[in-house]
């Protein structure tokens with residue numbers, strides 16, 4: 001398996017669900033916690049789009 005940090009770049013993953021499907025051993029809760037920590041440290045940037053259109 002590829003290095004997990006490379007998944008986002010090589011596959012263009014933009015949503016946590018997409019990432020979870022690529023990393024079968026990781027639960028959605030684990031990924032959510034990890035993404036929250038990475039965002040808090042400024043390693044990744046989370047963008048929330050308005051879905052009320």
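Assorted remarks:
- Selection of the range 12-29 for residues being in contact with a helix residue (DSSP H, G or I) (Cβ under 9 Å, 6 or more places away or on another chain) and part of a helix (DSSP H, G or I) yields 16, 17, 18, 19, 20, 22, 28.
- In the set (1) assigned to a helix (DSSP H, G or I); (2) modelled with pLDDT of 80 or more; (3) under 10 Å from the mean Cα position of the chain (by Cα), residue 8 fails one condition alone, (2).
- Top-ranked residue of the range 37-46 - restricted to ones that are in a helix (DSSP H, G or I) and exposed (fewer than 12 other Cβ atoms within 10 Å of the Cβ), ranked as nearest to the chain's Cα centre (by Cα): 37
The values are calculated or read from the model by the stated rules, or taken from the named source; none is laboratory data. Just so it is clear, the structure is predicted and the values come from calculations on it, not from any experiment. When we count neighbours, we look across all protein chains shown, and the Cβ atoms used for this are built from the backbone with ideal geometry, even at glycine.
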